[in-house]
Amino acid sequence: MSRVIEYGDATEVWVEDGHVFVARPDGLTVRMSPEVAIAIGRKLESAGTESFINKVMDGHATSEDFPHDRG
């Protein structure tokens with residue numbers, strides 16, 4: 001990787017004129033086709049799941065890392 005940008009939560013995601021837009025925390029906006037958005041979403045879900053499993057298996061997960069009933 002040539003450059004790593006710490007991301008955080010997407011500030012806003014929206015659809016306009018057949019494209020998906022993601023507002024980055026640094027003020028820039030990323031535009032992509034629906035097909036690219038779907039592919040990236042799937043890759044992020046897979047990588048996030050693998051990373052979370054590793055976190056749990058390594059003993060680094062805390063109770064705040066697990067979803068809980070907010071009702």
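The values are calculated or read from the model by the stated rules, or taken from the named source; none is laboratory data. As the structure is a prediction and not an experimental result, all values here were calculated from the model. Backbone-built Cβ (ideal geometry, glycine too); neighbour counts: all protein chains shown. What goes into the accessible areas is simple: the full protein's heavy atoms, side chains included, and nothing from ligands, DNA or RNA. Shrake-Rupley method; radii C 1.70, N 1.55, O 1.52, S 1.80 Å.
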Just how large is the dipole of region 9-71 about the Cα centre, in debye to the nearest 20, putting +1 at every Lys and Arg Cβ and -1 at every Asp and Glu Cβ? 140 debye
Taking the Cβ of ARG42 as the centre, find all other residues whose Cβ is under 14 Å away and add up their charges (Lys, Arg: +1; Asp, Glu: -1). -2
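Which length gain, in nm to one decimal place, applies between VAL13 and PHE52 when the Cα-Cα distance is subtracted from 0.36 nm times their residue separation?
In short, 11.7 nm is gained.
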Could you do me a favour and compute the accessible area per residue for the chain, 1.4 Å probe, result in Å²? 89 Å²
How far is helix 34-57 tilted, in degrees, relative to the longest principal axis of the Cα atoms in the chain, given as a value from 0 to 90 rounded to the nearest 10? 10 degrees
Matching label for the computed percent of Cα pairs over 18 Å apart, out of [x] 32; [y] 59; [z] 72, is [y]
Pairs of Cα atoms under 8 Å, at least six residues apart: use those to get the relative contact order of the chain, whole percent. 16 percent
Peptides ranked, highest mean first, by Cβ atoms within 10 Å: ranges 46-53, 60-67: 46-53, 60-67
Helix-only [θ] at 222 nm, the chain, -39500 (n - 2.57) per DSSP H run of 4+, per residue, nearest 500, equals -12000 deg cm²/dmol
Subtracting the Cα-Cα distance of LYS43 and VAL30 from 0.36 nm times their residue separation yields 3.0 nm
If I compute solvent accessible area with a 1.4 Å probe over the protein chains, what percent of it on the chain is carbon and sulfur? 54 percent
